[in-house]
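The values are calculated or read from the model by the stated rules, or taken from the named source; none is laboratory data. Note that the structure is predicted; figures quoted are calculated from it, not measured. As a convention, Cβ positions derive from the backbone with ideal geometry for all residues, glycine included, and neighbour counts pool all protein chains shown.
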Amino acid sequence: MEEARRPVIEVNDLRKYFPVSPTSLLDRQEKHVHAVDGVNLVVGAGEVLALVGESGCGKSTLALTLMGLEPMTTGSVKIAGDEIGTMKGKDMRALRQHIQMIFQDPYESLNPVMKIGDIVAEPLKVHGLAKDKGEQRERVFRALEDSGLKPADNFAGRYPHQLSGGQRQRVAIAAALVLEPKVLLADEPVSMLDVSIRAEILNLLLALRQARGISILLITHDLGTVGYVADRIAVMYLGRIVETGSTLQILKNPQHPYTRALLSVSPVPNPRQRRERIILQGETPNPIDLPGGCRFHPRCPIARPECSQIDPALEMVPAGHEVACLVVSGQVD
Amino acid sequence: MTGLSTDFLIKDGPPAQAVVDVTFTLREGEVLGLVGESGCGKTTLILSLMRLLPANGRIVDGTVLLNGIDLLSLSEREMARMRWNEIAIIFQGAMNALNPVRTVGDQIAEALTQFEDLATKKVVDDRVAELLDLVGIGPERRDQYPHQYSGGMRQRAMIAMALACNPQIVIADEPTTALDVMVQAQILELMEKLRDVLGLSIIFVTHDLGVVAEMCDSVLVMYGGVTAEYADVDTIYNDPQHPYTRELLRAFPDISRPAEKLASIPGFPPRLNALPPGCRFAPRCPSAVEVCHTLQPAQHRLDDGHLASCHLVDPAGIPVLGQEKGQ
């Protein structure tokens, strides 16, 4: 069913390395932070894909690269069929209409001295999309109301500080919607909000997908939220996707030892379901000097000797469910 | 070990009742979860407990008994001894409060010598090593600076400092909020270990209902400065009586039940200078009836140790607090 969806984002072997300045004169060899290191990803039309991983796994860099805000090192990214790597200036700007981003912190992402109506109108002006004031106003009001700020009249003249956190996040969503994009990148869109209003914002995103067929790439570390909104999940570790599948496949039947550990430590709000936590010791290694072989092997509870030699590729387990692990895919005992 | 019972009221022009008539008991080795949305009085409650309220805060009623000693009747000097020696606190965001130009070992040593007269440098050194070991920081890292520590390691260092004077109670205000889930699990495991090894009692302030379910023995749900519900952890999650508790649980995503409908709680917690006349939750409550909007509910005792402030709870529940206090 999901295969039938026309892809809106296609990412092929994307790599993004940041050079590191040498720490001493003797250190001649140039080093790099391997923030994104060979990612393949497809997001279909109207699909919600959650990209899950801990801080430093490269998920935010991946998002910035998709937005064209960070040039990629190698690889290919197609948005609605157009390759972004080769685009410059005007073409790039035109493409950006199709992909818009919502950031984590609605207290910082809105300009405090601009009125709500002007904040939402800004993208239209930048892209020169509204013919006249009347059309601009109409599109701004529609975006505000679609984002649940009704009546728009009431909100357009206010300043961000006059709104609650949830309302501010709705403004950020309206500013993204006003261009009628095909894709929304949402980077931890509810993590700064109180639990009581998270559901509202998540429901809004789902409603937009329903009404407009927008695809959503949700970037988060909160597996609880993911189960509620995503169609598919991709789990990222140290710049790579290590497991991907439908939400139920990942949450109910995780295969990769990293995914299993992450799930085991995600708290369940029921004391009758206290489980054995699989606690990985230490922290994610530094992405400058990546471990050889499988990059997870130094922390992996089921690592075999071969895992320090062979870098596993994503292998299909059952249909639609892919895992990058030599042990799980049966390549070693 | 102790029976703690506190009432508070904060003065601010016309007094704003930030915390009203809150009662709980914390036993040795017990972990109490203090939950509620932002602005529900959680932080004011623990600051009152520590007697660290800002200048305009006044404790107007109640008692805080720690091993039979009423903390509220102590002189400021005596209370200062109680802090850190008996009750220590790890503040929200405290891991960013380490002094960046001093080594972590030095800062822990300072916490030690400030309150305890440890004669020799050797005694202090040994104790610092012991504390670091207790929280899982390798001895080779004592001479490092905070910027060389990750977020999780800094939080461990803060816990070591809180433990410096062997307190019986540690209050942890959102200790894992800024951490990744795996690092959070490491810190939670550490706190469980400390409870088991040291018999530590812990008050865990958080809005993460998942963490509370995993860690706590009992739960105090606060709303608008009052106790909405107080019970053991199983009752709170599996047989909640207060509508606010139920709504909070419905709003919290459960990873073990993906695709389940999530609910939001429309509206906001009340401002303290504009409290509704009846139940403070009534304006947002899906089950509110007429009386809820006019009359403040008393705290009903439903079972041993189960309190709920709601007009709609089991009519057999006998109002035990609040109303009697009013006389």
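Structure summary
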{"read-out": "Residues of the stretch A:267-317 that turn out to be closer than 30 Å to residue B:217 by Cα and surrounded by 14 or more Cβ atoms within 10 Å (Cβ to Cβ), as a count", "value": "11"}
{"read-out": "Verdict on residue A:63 being surrounded by 17 or more Cβ atoms within 10 Å (Cβ to Cβ) and under 27 Å from residue A:294 (Cα atoms)", "value": "yes"}
{"read-out": "Positions within the stretch A:78-107 being within 21 Å of residue A:5 (Cβ to Cβ), among the aliphatic types (A, V, I, L, M), crowded, with 20+ Cβ neighbours inside 10 Å and touching a residue at least 40 places away in the same chain (Cβ under 8 Å), in sequence order", "value": "A:79, A:99"}
{"read-out": "Subset of the stretch A:229-248 [within 18 Å of residue A:268 (Cα to Cα) and either of a type in the set (D, E, K, R) or surrounded by fewer than 24 Cβ atoms within 10 Å (Cβ to Cβ) (or both)]", "value": "A:247, A:248"}
{"read-out": "Residue check for residue B:183: out of contact with any Pro (no Cβ under 7 Å at 6 or more places or on another chain), within 14 Å of chain A (Cβ to nearest Cβ) and within 27 Å of residue B:275 (Cα to Cα)", "value": "no"}
{"read-out": "Residue in the stretch A:118-133 that is free of Cβ contacts under 8 Å to residues at least 40 places away in the same chain and within 19 Å of residue A:209 (Cα to Cα) present", "value": "no"}
{"read-out": "Extreme residue, surrounded by the most Cβ atoms within 10 Å (Cβ to Cβ), among residues of the stretch B:233-248 that are free of Cβ contacts under 8 Å to residues at least 12 places away in the same chain and more than 21 Å from the chain's Cα centre (by Cα)", "value": "B:239"}
{"read-out": "Subset of the stretch B:1-58 (residues that are in a strand (DSSP E or B) and modelled with pLDDT of 85 or more)", "value": "B:22, B:23, B:24, B:31, B:32, B:33, B:34, B:35"}
{"read-out": "Those residues of the stretch A:251-265 which are facing chain B (nearest Cβ under 7 Å) and either buried (at least 24 other Cβ atoms within 10 Å of the Cβ) or over 19 Å from residue A:321 (Cβ atoms) (or both), in sequence order", "value": "A:262, A:265"}
{"read-out": "Residue check, residue A:152 without any contact (Cβ under 8 Å) to a residue 12 or more places away in the chain, surrounded by 15 or more Cβ atoms within 10 Å (Cβ to Cβ), more than 22 Å from residue A:192 (Cβ to Cβ) and more than 23 Å from the chain's Cα centre (by Cα)", "value": "no"}
{"read-out": "Any hit, the stretch A:134-155, residues being closer than 29 Å to residue B:270 by Cα, within 14 Å of chain B (Cβ to nearest Cβ) and at pLDDT 90 or above", "value": "yes"}
{"read-out": "When residues of the stretch B:262-291 are limited to those that are of a type in the set (D, E, K, R) and crowded, with 19+ Cβ neighbours inside 10 Å, the one nearest to the chain's Cα centre (by Cα)", "value": "B:280"}
{"read-out": "Strands (runs of 3 or more DSSP E) within the stretch A:4-103 that include 3 or more residues among the hydrophobic types (A, V, I, L, M, F, W, C)", "value": "A:7-20, A:31-44, A:48-52, A:99-102"}
{"read-out": "Selection count where residues are buried (at least 21 other Cβ atoms within 10 Å of the Cβ) and among the polar types (S, T, N, Q), scope the stretch B:141-172", "value": "1"}
{"read-out": "Which listed residue, of B:88, B:109, is surrounded by 14 or more Cβ atoms within 10 Å (Cβ to Cβ) and within 30 Å of residue A:270 (Cα to Cα)", "value": "B:88"}
{"read-out": "Test: residue A:218 is crowded, with 20+ Cβ neighbours inside 10 Å and within 14 Å of another protein chain (Cβ to nearest Cβ)", "value": "yes"}
{"read-out": "Filter result (more than 9 Å from chain B (Cβ to nearest Cβ) and touching a residue at least 40 places away in the same chain (Cβ under 8 Å)) within the stretch A:266-285", "value": "A:285"}
